[in-house]
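S.K.: This structure is in structure tokens; I'll ask about it shortly.
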Amino acid sequence: MTLLVKKIGGLGLFLIGGLIAAHGGSDGRLWELFLGLLVAAIGGALLVAKIMRRNTAPLETLRRRD
């Protein structure tokens, strides 16, 4: 269960941030638009960090080429 926390949390923050930004943009509230973009950026950063961590190989598995 704890393995999915970053993925689900990042996706949730990304979606909620997008909804907040859309609501702020439609109502003309600039602060709400920026808040939504900030929350979406944090969610996107969590997803990117999770993907990059999964795609990197541990140092022990890398072979040295002479």
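What follows is calculated from the coordinates using simple rules that are stated; it is not laboratory data. Note that the coordinates shown come from a computational prediction; the quantities given were computed from them, not determined experimentally.
S.K.: Length gain on complete extension for the stretch Ala22 to Ala41, per 0.36 nm per residue less the alpha carbon to alpha carbon distance? Provide the component values of the computation, followed by the final result.
M.R.: On the way: separation 19, 0.36 × 19 = 6.84 nm, distance 1.42 nm.
Taking Ala22 through Ala41 to full extension adds about 5.4 nm, to one decimal.
S.K.: Calculate one ³J(HN,Hα) per residue across segment 22-29 by plugging θ = phi - 60° into the Karplus curve 6.51 cos²θ - 1.76 cosθ + 1.60, and present them in order as whole Hz with x for glycine and proline.
M.R.: 5, 5, x, x, 6, 8, x, 9
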